[in-house]
1. In the structure displayed, which of 64/160; 160/188; 169/189 lie more than 18 Å apart, Cα to Cα?
2. In whole Å, what is the distance between the alpha-carbon centres of the range 76-128 and the range 168-197?
3. Which net charge results when you count Lys and Arg as +1 and Asp and Glu as -1 among the other residues whose beta-carbon is under 10 Å from that of residue 152?
4. If I model a spin label as a point 7 Å beyond the Cα along the Cα-Cβ vector, how far apart are those points for residue 133 and residue 186 in nm?
5. May I ask which residue of 106, 165, 124 lies farthest towards the positive end of the charge dipole of the range 48-181, with charges of +1 (Lys, Arg) and -1 (Asp, Glu) on Cβ and the Cα centre as origin?
6. Take 174, 145, 9 and sort them by solvent-accessible surface of the protein heavy atoms, 1.4 Å probe, largest at the top.
7. How high is the FRET efficiency from residue 79 to residue 106, r the C-beta distance, R0 22 Å, rounded to 0.05?
8. HN-Hα J couplings of the range 57-63 from phi, Karplus 6.51/-1.76/1.60, θ = phi - 60°, integer Hz, Gly and Pro as x?
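The values are calculated or read from the model by the stated rules, or taken from the named source; none is laboratory data. All values derive from a computational prediction rather than experimental measurement. Positions of Cβ are backbone-derived with ideal geometry, glycine not excepted, and every protein chain shown enters the neighbour counts. Side chains included, ligands, DNA and RNA excluded: accessible areas come from the protein's heavy atoms. Shrake-Rupley method; radii C 1.70, N 1.55, O 1.52, S 1.80 Å.
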Amino acid sequence: MNKKIFFQLTLLTLIIFLVTIFILYYNNNNVKNTLNNLNSIENLDKKTETSNENIIKDIRYFSKDDQNNSYEIISDYGVINLDNPDITFMTNVTASIYLENSDNIIITSKFANFNNNNYETEFYENVNIVRADERIRSQKLDFSLIKDLILISNQVILEKPGFNLKADKVEIDLITKDSTIYMDDSTKKVIAVGENK
């Protein structure tokens, strides 16, 4: 056999071999990518199927009663559990209670559980309440329009010009506008610290 023909056949075989390797490698990568994409879609579908929540951004609810008192609550975002759509779990919350013939109350907290059916709200973590010249800090606050009551608990510190109080609980009656400050254990006393003048 002629050297030239032998060289051409060898070169042709090598080219066919390289093209075959390239095609197999390219197809194999495509198959892997397709399988990875299918797995990603399948995982996304599984997450969608198992997720029972809806996320809402920039939430605002507003309510007004017969006595012209109103309640507004806003948050950066909230999650609605589809098992109980009346409840919204809110984050970065500000609530405003506008009372007829009385000082308004502003409540801020990191989180809140809000019932959009009856406006019952449980605020928790870094709760701050501002009413006129008083400020109350705590870790939990329960607000009830049905009972016309605010119950503040868990590390309560009340600050007013001239003194500070530490207590277990503070109740604010929205009808009478009265506050009740007390300890859970009747043998303990509310701690009051006044300014020296």
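1. Pairs exceeding the cut-off: 64/160; 160/188.
2. When both Cα centres are located, 23 Å separates them.
3. For residues surrounding residue 152, the net value is 0.
4. Distance between the two pseudo-spin positions: 3.5 nm.
5. Final value for the positive-end residue is 165.
6. Of 174, 145, 9, the descending order of accessible area is 9, 145, 174.
7. Efficiency, rounded to the nearest 0.05: 0.40.
8. 9, 6, 8, 8, 10, 9, 9
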